[in-house]
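One structure is given below, encoded as structure tokens.
The values are calculated or read from the model by the stated rules, or taken from the named source; none is laboratory data. This one's a predicted model, so the numbers in the text were calculated from it and none came from an experiment. Glycine also receives a Cβ, built like all others from the backbone with ideal geometry; neighbour counts cover every protein chain displayed. Accessible surface is based on the protein model in full, side chains and every heavy atom, while ligands, DNA and RNA are left aside. Shrake-Rupley method; radii C 1.70, N 1.55, O 1.52, S 1.80 Å.
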Amino acid sequence: MFLKKWFPIFYKLILVLIVINYYKKLNKPMPEGQPELNPNGMSTSPNITLV
């Protein structure tokens with residue numbers, strides 16, 4: 001019961017730690033507050049034609 005209840009929180013924490021470690025290895029700052037590749041945002045680009 002304990003693991004089933006807390007697993008989503010631990011899973012998200014592990015993902016966050018992986019991302020932080022990735023950017024530390026690249027010696028780059030995390031891109032917080034910057035535009036990112038969001039599929040919904042990409043669909044509004046004038047460079048993409050929807051078919």
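Given the structure, is K12 modelled with pLDDT under 75 and in a helix (DSSP H, G or I)?
Spelling it out, it is not the case that K12 is modelled with pLDDT under 75 and in a helix (DSSP H, G or I).
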Within segment 26-43, take every residue that is outside any loop (DSSP other than H, G, I, E, B) and modelled with pLDDT of 70 or more and give me the one that is most open to solvent (accessible area, probe 1.4 Å).
N40
Here are the criteria: (1) modelled with pLDDT under 75; (2) surrounded by 10 or more Cβ atoms within 10 Å (Cβ to Cβ). Tell me which single one L50 does not satisfy.
(2)
